[in-house]
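Reading through the structure tokens given below for one structure.
The values are calculated or read from the model by the stated rules, or taken from the named source; none is laboratory data. Everything numeric in this text was worked out from a predicted model, so none of it was measured. Cβ coordinates were reconstructed from backbone atoms using ideal geometry, including for glycine residues, and neighbour counts include every protein chain displayed. With ligands, DNA and RNA removed, areas are computed over all heavy atoms of the protein, side chains included. Shrake-Rupley method; radii C 1.70, N 1.55, O 1.52, S 1.80 Å.
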Amino acid sequence: ISETVRQLYRALLFAKIRHEILVVNDNSSDLTEEKLNELTKEIKTLKIIFNPSPNGFGSAVRKGFEYFCGDMVVVYMADASDSPTDLVRYYRAMVENNADCVFGTRFAKESKVVDYPFWKFIINRLANLFIQILFRLKYNDTTNAFKMYRRHTIEGLKPFLSRHFNLTVELPLKAIIRGYHYIVLPNDWANRKTGISKLQIKEMGSRCLFIVLYCFLEKWLSKGDYKKISDKAIQASTKSNVA
């Protein structure tokens, strides 16, 4: 965790991006809390939040969504699998394109993937292909957690259902079917060098399928009730209220 936070901080500082680094400690039983407390002494933009219960990837990310202070938020893995350079690219692309979301893909020609487990790769590609066909998408990495959202987008995607890794699917699918403007950038990925991932593929299969089918039903049966309100409609409403 220490090296991950330091690399992220150096990249944001060098790029002159105002930021906060919000680490959600998901009831860890190792030395994570101690390491984070040490880091706060040298990194003033670091903020720590504790997620006592219920635990899980999705629950921890949702806790972070409750407390972040900026206009944008990115889900960044603490195992150093994501690249801080890519995060800077996400930010600049979001600003330049006035996008609601920036989605990364690890499976573009420009992407660099290091040490991706073979069977995990096969399952990942099949799962993403299924989602592409079902929702008629060109985007090929819906399961990628490394994505950036504007604050109003996060608010527009609520309520969240997922408490585990299926949140990585729920967020982008809701954003797409609800009409938020997203752009896709290639991003690099490197397998963790230490520790063991908590992602259990067998356990997550039914949870991810549930979320995919839930979003599919929303797309076809909600009659557009959750669609993003257009910027023009917001401006017209504002003018009306002022008048």
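Structure data summary
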quantity	calculated
Y180 surrounded by 20 or more Cβ atoms within 10 Å (Cβ to Cβ), part of a loop (DSSP other than H, G, I, E, B) and either in contact (Cβ under 8 Å) with a residue 60 or more places away in the chain or of a type in the set (S, T, N, Q) (or both)	yes
Segments classed as strands (runs of 3 or more DSSP E), wholly inside segment 45-149, with at least 3 members that are free of Cβ contacts under 8 Å to residues at least 40 places away in the same chain	46-50
Any hit, segment 153-160, residues being of a type in the set (A, V, I, L, M, F, W, C), touching a strand residue (DSSP E or B) at 6+ places or on another chain (Cβ under 9 Å), at pLDDT 95 or above and not in a helix (DSSP H, G or I)	yes
Exclusive hit being open to solvent by less than 40 Å² (accessible area, probe 1.4 Å) and closer than 28 Å to F14 by Cα, set D71, D100, D79	D100
Meets criteria (open to solvent by 100 Å² or more (accessible area, probe 1.4 Å) and at pLDDT 70 or above) for F210	yes
